[in-house]
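First up is the structure itself, then whatever we jot down about it.
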Amino acid sequence: MIKNNNFSSADPKNFSKYIFMLKSFSKRLRDDYEVIYESICKDPYNIMFASARLRNCKDLALLAVMQSGFCLEYVGRTLKNDKDVVKVAIREYPWLLKHASKRLQNDPSINFHARRYLK
C-alpha cells in the first residue's frame, strides 16, 4: 500500500495502521488536513510531524492538547499565543504554561486559570 512514503490512495482510512510512520511521510501528506487529523486522533503527539501550516490550525491543536496538554510544546507559535488552546493544555498540568507565549505566561487571567488547577 505504501510506496515511496506516499499512499496509493488518498483515502484516509487506508493509512490508519501506518500512523507510526508519520514522521517519514512526504511534505504533501504532512500538509494534508485529513491525514493529520486522523493521525492526531490516534496519537496526539503526531502534531509534531504536521506541516507548520497545520501546526497553526486551531482545531488540530485543540484536538491534540485535549488528549495531552504536553502537545502544547509542538503546536505552532501562533497558537501558543491563543488563550483557548493554552487553557485546555494547562488544565491537567498547569506548569505546562512554560510552553505558552511570553505574553500569555504573563497574562493575569491565564495565571489565575493555571493557579485554579493547582488545587
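Mind checking which residues of the stretch 25-61 are more than 12 Å from the chain's Cα centre (by Cα), assigned to a loop (DSSP other than H, G, I, E, B) and of a type outside the set (A, V, I, L, M, F, W, C)?
Ser26, Asp31, Asp32 - these are the residues of the stretch 25-61 that are more than 12 Å from the chain's Cα centre (by Cα), assigned to a loop (DSSP other than H, G, I, E, B) and of a type outside the set (A, V, I, L, M, F, W, C).
For (1) at pLDDT below 90; (2) over 19 Å from Val75 (Cβ atoms); (3) touching a helix residue (DSSP H, G or I) at 6+ places or on another chain (Cβ under 9 Å); (4) among the charged types (D, E, K, R), each residue gets a yes or a no:
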position	(1), (2), (3), (4)
Ser8	yes, yes, yes, no
Ser16	yes, yes, yes, no
Lys23	yes, no, yes, yes
Asp31	no, no, yes, yes
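What number of residues within the stretch 94-116 are part of a loop (DSSP other than H, G, I, E, B) and surrounded by 15 or more Cβ atoms within 10 Å (Cβ to Cβ)?
Of the residues in the stretch 94-116, 3 are part of a loop (DSSP other than H, G, I, E, B) and surrounded by 15 or more Cβ atoms within 10 Å (Cβ to Cβ).
What are the residues in the stretch 76-93 that are basic (Lys, Arg) and not in a helix (DSSP H, G or I), if any?
Within the stretch 76-93, Arg77, Arg91 meet the criteria.
Pairs only if they're at least six apart or on different chains, beta carbon under 9 angstrom, first in the stretch 79-92 and without any contact (Cβ under 8 Å) to a residue 24 or more places away in the chain, second crowded, with 19+ Cβ neighbours inside 10 Å and in a loop (DSSP other than H, G, I, E, B); list them, first residue then second.
Asn81/Ala100
The values are calculated or read from the model by the stated rules, or taken from the named source; none is laboratory data. In this text the structure is predicted, and so the values were computed from the model without any measurement. Neighbour counts run over all protein chains shown; Cβ positions are idealised from the backbone, glycine included.
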